[in-house]
DNA sequence: TTGTACGCGTTATCAT
DNA sequence: ATGATAACGCGTACAA
């Protein structure tokens, strides 16, 4: 049998309410009795039952992270920070994977009811939801590192991210300035209405602004295996197809580092060199891009800062200090060895 | 206000106990009333309150994963499987990071009490605990992919892993058979009494069996930044030091793929080539090793199978079907482009 | 300052 | 087959 609040009360010769007051830092309690109680709590290794607390409070102190694409290594560092920060704030951290085809709002609603969540963080996914759908969520939530498309430009939607369009523009513009005209891209499938779309838009605009008309033949994507977007496998397959098509190009912009690495491998396997034959650029700034040979030119997202800010905003939301916040971080163009001037 | 079991009872004109029976698949209940209730449950989107359930049952259906070294990409795929399997079995998944310096058993005991866990999975860490310490844990637990050192050869300790010693031996033996005599290794710091030690032992034995006496000067490790073992950074720093020391070697065995990739980058940065100047081998079989240029020769751990088996055993433990199980998987020597015959 | 008593939502026991 | 009710551990309004 586990120690309960009653045991502590009995041992100390006080009422349960007094023990409750002690462990919850209530003001009106005698310092001496409180000290006695706390000592007893320590001695007996007493820990309040979380379920009972949650039941009584009719809300838990659990924060759930709903993640689409858990395999993405870009997320693992983010999760690390989330977990750390949430733990620091004495809250519980619940990780829940959302299937690619599932509706994250539906899943969130389920969890909210079932677990009496205090807050939700959405990670990954497309997040195209109507205001009506979003309003069903009664608890604070925030969208982390998910590009928000124009369709849900609602003011109360909180999110933290880089400007996917702008950063994408930045790196493609860099490729253009290096003298590249035939720049291919490995993009997300057309059904992607979110990050993939924004990064593709940045690519197109950068080309236009540099006097190059986007060529549909240079925009690559796979239609199969769409649950593995942002993977090396995806990049490998797309690049291989591109190379075999014989299409002429001198540079390649992949919408993620993992895709870039997969594409690079395909290029090597075809007997070509980087950056001699093709320049390759990615997006995200994961460690593997830095240690790749050659290191991959990319846009580094300040994920630690972004994750910390996400938590910060979420707690402000939960504390009722704010009703919504949107924070955009600046990405950093990291020039690696995978790109060269023509 | 959320819908409760009372609401459903009132709406259906039955008692709460009947509703409870319906939603918990109890046998003695009329099919018609059950159908009516289940329909109402659906209509009102009713979900039982988890806290109340856990309180009543005095145990939750939560399985916690305690992980040391959450940044390790090798773990992210494992977590994915864990999360998936646990979700399939209608249980909750709680991820808890353990600091490098923390005692995982202490943390587990805390969580067990606080969350009334049903089971625990330990991932990473060294896991050198006495029987006495382990016996404090009253709930089923299992050690996943953690090499178990000789010190806790207790029969009831469940674990799933590859034989770190044997697999390590296997790949170093392969290097020897390629004709390498001067084989360096990037190992864990000496305080590591677990996986790092076992893999080092395999390295030494393989050398001896091939007529090569292990040379202390070829065993590299860092003493700073020990919370970043198994990282590319760790490998880069160690390899750099080795190269700058001028020590002669022709092959390098890193005890993880990430370390190998970091080391490879250091070799490239020093102007040398792989495998022309140095052969490089890793351990784990992560995707990044496969897509690296050159692809890294490694030991692939069948992590999906291992993770699935971990869950399987854990559920058997929880169901009382078994009292302990140890399963060792076979690793696969994956020959990449990073090694060559002398 | 401290104690008493109720209720949070659920499951299980005992009647009926 | 169904209903009434106690109990799970805790927090709190109210009383003392």
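The values are calculated or read from the model by the stated rules, or taken from the named source; none is laboratory data. In this text the structure is predicted, and so the values were computed from the model without any measurement. In this analysis, Cβ positions are derived from the backbone assuming ideal geometry, glycine residues included, and neighbour counts consider all displayed protein chains.
Some values worked out for this structure:
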{"item": "Enumeration of residues in the stretch A:8-29 that are near DNA strand C (Cβ under 7 Å from one of its atoms) and modelled with pLDDT of 90 or more", "result": "A:13, A:14, A:15, A:16, A:17, A:18, A:21"}
{"item": "Neighbours by Cβ (under 6 Å, 6+ apart or cross-chain): first from the stretch B:8-21, within 14 Å of chain A (Cβ to nearest Cβ); second near DNA strand C (Cβ under 8 Å from one of its atoms)", "result": "B:8/B:19; B:8/B:46"}
{"item": "Given (1) more than 12 Å from chain B (Cβ to nearest Cβ); (2) on the phi < 0 side of the Ramachandran plot; (3) part of a loop (DSSP other than H, G, I, E, B), number of the condition residue A:36 does not satisfy", "result": "(3)"}
{"item": "Count of residues meeting criterion [over 42 Å from the mean Cα position of the chain (by Cα) and more than 7 Å from DNA strand D (Cβ to nearest atom)] in the stretch A:1-22", "result": "10"}
{"item": "Subset of the stretch A:239-248 [surrounded by fewer than 19 Cβ atoms within 10 Å (Cβ to Cβ) and within 32 Å of the chain's Cα centre (by Cα)]", "result": "A:240, A:241"}
{"item": "Residue A:26 being assigned to a loop (DSSP other than H, G, I, E, B) and farther than 26 Å from residue B:107 by Cα", "result": "yes"}
{"item": "Residue check for residue A:202: in a loop (DSSP other than H, G, I, E, B) and modelled with pLDDT of 95 or more", "result": "no"}
{"item": "Matching strands (runs of 3 or more DSSP E) fully within the stretch A:257-342 where at least 2 residues are more than 12 Å from chain B (Cβ to nearest Cβ), surrounded by fewer than 24 Cβ atoms within 10 Å (Cβ to Cβ) and on the phi < 0 side of the Ramachandran plot", "result": "A:326-329, A:332-334"}
{"item": "The lone exception for residue B:76 - which of (1) within 11 Å of DNA strand C (Cβ to nearest atom); (2) closer than 30 Å to residue A:95 by Cβ it fails", "result": "(1)"}
